[in-house]
Amino acid sequence: MSMGSTDRPSAPTEPGARYVTGPGVSVRDWGLLLIRLTFGLLMAGHGSQKLFGIFGGPGLTATGKAFDTLGFHPGKVFAVICGLSEFLGGLGLALGLLTPLAAAALIGVMINAMVTVTGADGLWIQDGGVEYNVGIAVVALAIAAIGPGRLAIDRFFRWGAGGWAEAAVALVLGGIGAAITLSL
């Protein structure tokens, strides 16, 4: 903040900039951390249910059978792909590590879920619709676009600032991953 002719601080150029809580860390960064931790850890837990059978999840064998009934053969292979995408994508989002790739993994899984499970049931979750899947995909895309903030491992890398390119990488790779999976 620079001093003007009235010796008063000028308005901050970045929203939330005057609410700095440490060296270069703003309320915006803490807010992004809260969103990343919430969505990222929930998705990592969701993937853990499929992979390891923890948190009340069915585990890999039962998840593989469910994938078989959805038309994904061999079901266990697709269960591993889905579980790892949710688990690693969620951890990446939570840590702010390789954020565009983590977002792509979550977007791809959510596209698959919408096409194969929830899409035919409309929008709202009480009817089995896409509401939850859309929410997860949009949060992942938004974090790739905004960037994970200063309280993230990615802050040390060029993609840590977010931007149109990072959002495009997340959306395109997520879409390609979903398309490949759905075509098999």
Pairs of alpha-carbon atoms within less than 8 angstrom and 6+ residues apart define the contacts here; what relative contact order does the stretch 110-158 have, in percent?
24
Helical contribution to [θ] at 222 nm, DSSP H n ≥ 4, -39,500 (n - 2.57), averaged over the chain, rounded to 500:
-20000 deg cm²/dmol
For Ile125, what accessible surface area do you get with a 1.4 Å probe? Give it in Å², rounded to 10.
90
Simple spin-label estimate for Ala66/Ala161, 7 Å along Cα→Cβ, in nm, reads 4.2
Can you list, largest first and rounded to whole Å, the semi-axes you get for the chain by taking the square root of 5 times each eigenvalue of its Cα gyration tensor?
37, 15, 14
Mean separation of Cα contacts under 8 Å, 6 or more apart, over the residue count of the chain: relative contact order %
20
Using a 1.4 Å probe on the protein chains only, how many percent of the accessible area of the chain belongs to carbon and sulfur?
72
Nearest 10, in degrees from 0 to 90: the angle of helix 75-95 to the longest Cα principal axis of the chain is 10
To the nearest 10 degrees, the tilt of helix 131-146 (Cα long axis) against the first principal axis of the alpha carbons of the chain is 40
Once both axes come from the Cα atoms, what is the angle between helix 99-113 and the longest principal axis of the chain, in degrees from 0 to 90, rounded to 10?
40
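Note the full-extension length gain between Ala142 and Leu41 as 0.36 nm times their separation in residues minus their Cα-Cα distance, in nm to one decimal. Don't jump to the answer; show the numbers that get you there.
Working: separation 101, 0.36 × 101 = 36.36 nm, distance 1.68 nm.
34.7 nm is the gain from fully extending Ala142 to Leu41.
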Which of Thr118, Gly160, Leu106, positive extreme of dipole for the chain (C-beta unit charges)
Gly160
Would you work out the charge dipole size for the stretch 20-132 about its Cα centre, treating the Cβ of every Lys and Arg as +1 and the Cβ of every Asp and Glu as -1, and quote it to the nearest 20 debye?
280
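Can you give the FRET efficiency to the nearest 0.05 for Ile153 and Ile180, using r as the Cβ-Cβ distance and R₀ = 35 Å?
Working: r = 28 Å, r/R0 = 0.80.
Efficiency for this residue pair is about 0.80.
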Solvent exposure of the chain as accessible area per residue, Å², 1.4 Å probe
54
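The values are calculated or read from the model by the stated rules, or taken from the named source; none is laboratory data. Values in this document were obtained by computation on a predicted structure and should not be read as measured data. No Cβ is skipped: glycine too gets one built from the backbone with ideal geometry, and neighbour counts run over all protein chains shown. The accessibility values were calculated without ligands, DNA or RNA, using every heavy atom of the protein model including side chains. Shrake-Rupley method; radii C 1.70, N 1.55, O 1.52, S 1.80 Å.
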